[in-house]
Amino acid sequence: MGSTSLIPPSTGMPHVPEPDLLQVLSPEGHRRPDHDLDPWLEDVTPAMLTSLHRDMTLIRRIDTECTHLQRQGELALWPPLLGQEAAQAGSAVALQHDDYVFPSYRENGVAYLRGIDPLGLVRLWRGATFAGWKPQDHNFAAQQIIIGAQALHAVGYAMGITRDGTDAAAIGYFGDGATSQGDVNEAMVFAASFHAPVVFFCQNNHWAISEPVGLQAKRHIADRPWGFGIPAMRVDGNDVLAVMAATRRALERARNGGGPTFIEAVTYRMGPHTTADDPTRYRDAAEVEAWRAKDPIDRLEKHLAELGEDLEAVRADSTAAADAMAAELRAGVAALTDPEPAELFDHVYAEPHHELERQREHYRLYLEQFDGPQLEAGAR
């Protein structure tokens, strides 16, 4: 596999390099040399690979459990990430504690690896809270529903890092569809202009809801950042080692004053856009099956087997951890209570004020029009 340098050409006519797909593990699990990524993987041991397997297994189990919970009426909505475990785990484990994450609505795996309790994710997607965690405790911002808005937040925070003089970095996650949004492009303008220590992490899962990536991007997405003066890498998003190495490299560049970097992690959304979506209406089943052969967990298992590791023991350990987490999550969901209607107003502003109290009273009078069962339904 070829690779693309992070350093743009300095002589001759302006040129945007065609980014090759950086890959360390083939779909068959074979380790391939790559002179750009190998220096960032020198600490990889079988124990680390086993830990990554556990991480991805847990992430997948959270995703499947929450999908089932939504189907059972416990959640209002859920955005599945099935198939994107390597992109999320590989990038998350590359982060340091002081780095700050600005996610979209699909980075539930990153959230888990930043120490966020899955029950917090459930409460959020149940509609029982404004946020299921305190962002400062995990350096993980609230999930962003507005497509691409978090890219601006990440750059703004990164500009603040520069003023503070620390060596932390910010990372903003978004999908391929968000690259057509003005917010993402404006964020890249600011990042390049102010040399912000930020990583733009695009999970290209091939589908922006019901539209294929080829409809909005006639060239690779990783081509675009070069026009803003931001170097980019295009990495196999189902290769957890390649993702980890690329993210480490981009973060180190940010910490050392190199400015922003863009990573396009090429992966695939195996499930629906959200549980309100039916991908069979717009997606060919043969395409899904072709990507199933590139499953990120299967790929890592093949590599572990090639290294002579006891694959059955690795699977058993990961599955046991996932079962325990799922049981704890289910028990937590069973114990959840929904908030009272008036609590909607409790955390809108830092301090109460007259207009908010007026709205609270207006809502109270509205609810009093109904009898008990209807009031309870209104609370939901």
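The values are calculated or read from the model by the stated rules, or taken from the named source; none is laboratory data. Just so you know, these numbers come straight off a predicted model, no measurement behind them. Here the Cβ positions follow ideal geometry from the backbone for every residue, glycine too, while neighbour counts run over all protein chains shown. Side chains included, ligands, DNA and RNA excluded: accessible areas come from the protein's heavy atoms. Shrake-Rupley method; radii C 1.70, N 1.55, O 1.52, S 1.80 Å.
Here Ala87 fulfils each of the conditions (1) closer than 16 Å to Leu304 by Cβ; (2) assigned to a helix (DSSP H, G or I); (3) of a type in the set (A, V, I, L, M, F, W, C) apart from (1).
Of all residues in the stretch 116-124, none are in contact with a Pro (Cβ under 6 Å, 6 or more places away or on another chain) and among the basic types (Lys, Arg). Taking the criterion of being among the β-branched types (Val, Ile, Thr) and in contact with an Asp or Glu (Cβ under 8 Å, 6 or more places away or on another chain), the residues of the stretch 303-340 that qualify are Val314, Val333. When the stretch 34-49 is filtered for residues that are in a helix (DSSP H, G or I) and farther than 19 Å from Ala250 by Cβ, the ones remaining, listed by number, are Pro46, Ala47, Met48, Leu49.
Whenever a residue of the stretch 120-146 is farther than 18 Å from Ile62 by Cα, its partners that are open to solvent by 30 Å² or more (accessible area, probe 1.4 Å) and acidic (Asp, Glu), lying with C-beta atoms within less than 6 angstrom and at least six residues away or across chains, give the pairs Ala128/Asp338. Restricting the stretch 174-191 to residues that are in contact (Cβ under 8 Å) with a residue 40 or more places away in the chain and among the aliphatic types (A, V, I, L, M), which is nearest to Ser210 (Cα to Cα)? Within the stretch 174-191, the match that is nearest to Ser210 (Cα to Cα) is Ala178.
Looking at Ile230, is it in contact with a Cys (Cβ under 8 Å, 6 or more places away or on another chain) and open to solvent by less than 10 Å² (accessible area, probe 1.4 Å)? In short, no.
Looking across the stretch 316-356, the residues that are open to solvent by less than 80 Å² (accessible area, probe 1.4 Å) and among the small types (Gly, Ala, Ser) come down to Ala316, Ser318, Ala320, Ala321, Ala322, Ala324, Ala326, Ala327, Ala331, Gly332, Ala335, Ala342. Identify all residues within the stretch 50-82 that are part of a loop (DSSP other than H, G, I, E, B) and closer than 19 Å to Ala326 by Cβ; write none if there are none. Within the stretch 50-82, Gln72, Gly73, Glu74, Leu75, Trp78, Pro79, Pro80, Leu81, Leu82 qualify. The set of residues from the stretch 204-227 being among the polar types (S, T, N, Q), touching a Phe, Trp or Tyr at 6+ places or on another chain (Cβ under 7 Å) and crowded, with 20+ Cβ neighbours inside 10 Å comprises just one member, Asn205.
Find all pairs meeting these conditions: Cβ atoms under 8 angstrom apart; at least six residues apart or on different chains; first residue within the stretch 52-63 and within 15 Å of Pro80 (Cβ to Cβ) and open to solvent by 10 Å² or more (accessible area, probe 1.4 Å); second residue of a type in the set (A, V, I, L, M) and at pLDDT 95 or above. Between residues of the stretch 52-63 that are within 15 Å of Pro80 (Cβ to Cβ) and open to solvent by 10 Å² or more (accessible area, probe 1.4 Å) and residues that are of a type in the set (A, V, I, L, M) and at pLDDT 95 or above, the close pairs are Arg60/Leu82; Arg60/Ile297; Arg60/Ala322; Arg61/Ala322; Arg61/Met325; Arg61/Ala326.
The set of residues in the stretch 93-141 being of a type in the set (Gly, Ala, Ser), modelled with pLDDT of 95 or more and either part of a loop (DSSP other than H, G, I, E, B) or open to solvent by 40 Å² or more (accessible area, probe 1.4 Å) (or both) consists of Ala94, Ser104, Gly115, Ala141. Inspect the stretch 274-286 for any residue being under 22 Å from the mean Cα position of the chain (by Cα), small (Gly, Ala, Ser) and more than 19 Å from Ile171 (Cα to Cα) and give the result as yes or no. Taking every residue of the stretch 274-286 in turn, at least one turns out to be under 22 Å from the mean Cα position of the chain (by Cα), small (Gly, Ala, Ser) and more than 19 Å from Ile171 (Cα to Cα). Of all residues in the stretch 261-300, those satisfying the criterion of being assigned to a helix (DSSP H, G or I) and either open to solvent by 20 Å² or more (accessible area, probe 1.4 Å) or within 17 Å of Glu211 (Cα to Cα) (or both) are Pro279, Thr280, Arg281, Ala285, Ala286, Glu287, Val288, Glu289, Ala290, Trp291, Arg292, Asp298.
Is there a residue being part of a loop (DSSP other than H, G, I, E, B) and over 14 Å from Pro225 (Cα atoms) anywhere in the stretch 176-194? Spell out how you get there, then give the answer.
Quick first cut of the stretch 176-194, residues part of a loop (DSSP other than H, G, I, E, B) only: 181, 194.
This time we only want the ones that are over 14 Å from Pro225 (Cα atoms), so: 194.
Yes.
Please go through the stretch 339-356 and pick out each residue that is over 14 Å from Leu367 (Cα atoms) and out of contact with any Ser or Thr (no Cβ under 8 Å at 6 or more places or on another chain).
Within the stretch 339-356, the subset over 14 Å from Leu367 (Cα atoms) is 339, 345-356.
Residues satisfying the conditions are Phe345, Asp346, His347, Val348, Tyr349, Ala350, Glu351, Pro352, His353, His354, Glu355, Leu356.
For the stretch 24-41, does any single residue satisfy the condition of being modelled with pLDDT of 95 or more, over 24 Å from Leu329 (Cα atoms), of a type in the set (Val, Ile, Thr) and open to solvent by 20 Å² or more (accessible area, probe 1.4 Å)? No, that holds for no residue.
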